[in-house]
């Protein structure tokens, strides 16, 4: 019941934001902007999805391997795409994480799968924030961007502290003791304790592993910035890659907040607001948002194809 209420609130919020945006931005103008997009640049932006999907799975394999889970890069790709697919119907970080946890847990312990999902999500946010800081440096002296820059820096250093706590024995001991004293049902406490113990496995990552994991994250998010840049340029948005880079990070962080249905409304509102500060008209900002949404739908549908293929294979095997 509570989940249904939360989902309803998200759908209503997304709907209200979109209704407001469409009330001030004619749909005909948005459609005209989308039609004017340079198809070659759009195709490049879409083509860059391939290395992003591969590198993301390759990075996740480091974490599954340290947890004793034997998965190939292709298997992780299928899990990630399936997570995107179900995310269309079960919106939000938690629901997406639950699907990923369920599928990973088939290849190892449930606590190990939970540790992979949580740690991987944490690393994703850390790198997105870092890229936001990096790309906002040239605009730091602009008074309008100082608050955002300072906010990102504070979030980044807070996450660095948490990063070291998660990989430090004393830090995890403290978290485990805290779990024991908070008033929670025994089953939940036991589950959390198992997940904390699974997190201890990441302490076995050596310096080389950390360097390679962070490098992979930086690489595929860097490619993500280039993809975002191609979409923007296809719509004749005349902004540097530095500006578009930090705007992408701000948009990604906003979408991660569990406030909307598959990011709808939040993504559009964020782009209209941030790009508007640089003189980009609202209909073009909305067109960019829908191009990104279309790209996300493509990856989700690809995940759906893998899921239906597995379903029919299992059904065929069962009938034989």
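Each reported figure results from applying straightforward, stated rules to the coordinates on display, with no laboratory input. This structure is a prediction, so every number in the text was calculated from the model and none was measured. We place every Cβ from the backbone using ideal geometry, glycine too, and count neighbours over all the protein chains shown.
Numbers below:
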| quantity | calculated |
| --- | --- |
| Anisotropy class of the range 20-138 from Cα gyration tensor, a/c 1.5 cut | prolate |
| Distance in nm between pseudo-label sites at residue 194 and residue 182 (7 Å out along the Cβ direction from Cα) | 1.9 nm |
| Length released on extending from residue 124 to residue 223, taking residue separation times 0.36 nm less the Cα-Cα span | 34.2 nm |
| Fluctuation leader among 236, 206, 197 - the chain, Gaussian network, Cα springs under 10 angstrom | 206 |
| Rough spin-label spacing in nm, given labels placed 7 Å along Cα→Cβ, for residue 153 and residue 277 | 1.6 nm |
| 72, 64 arranged by Cβ crowding within 10 Å, fewest neighbours leading | 72, 64 |
| GNM result for the chain, Cα springs below 10 Å: residue of 86, 220, 278 fluctuating most strongly | 278 |
| Angle in degrees between helix 143-166 and the longest Cα principal axis of the chain, rounded to the nearest 10 | 10 degrees |
| Values of log10 I(q)/I(0), in the order q = 0.17, 0.20 Å⁻¹, for the range 154-255 under a Debye, Cα-only, solvent-free model | -0.92, -1.05 |
| Two-site label geometry, residue 29 and residue 301: point separation in nm, points 7 Å out along Cα→Cβ | 2.9 nm |
| Computed over the chain, Cα set: Rg, Dmax in Å | 20.8, 69 |
| Mean separation of Cα contacts under 8 Å (6+ apart) over length of the chain, as relative contact order % | 35 percent |
| Helix-derived mean residue ellipticity, 222 nm - over the chain, DSSP H n ≥ 4, -39500 (n - 2.57), to 500 | -27500 deg cm²/dmol |
| Helix 207-234 vs. the chain, principal-axis angle (Cα, 0 to 90°, nearest 10) | 20 degrees |
| Fluctuation leader among 288, 172, 126 - the chain, Gaussian network, Cα springs under 10 angstrom | 172 |
| Folded to 0 to 90 degrees: helix 73-87 orientation relative to the chain principal axis, Cα | 60 degrees |
| For 221, 210, order by how many other beta-carbon atoms lie within 10 Å, fewest first | 210, 221 |
| The range 22-63-the range 187-228 distance, computed between alpha-carbon centres (Å) | 26 Å |
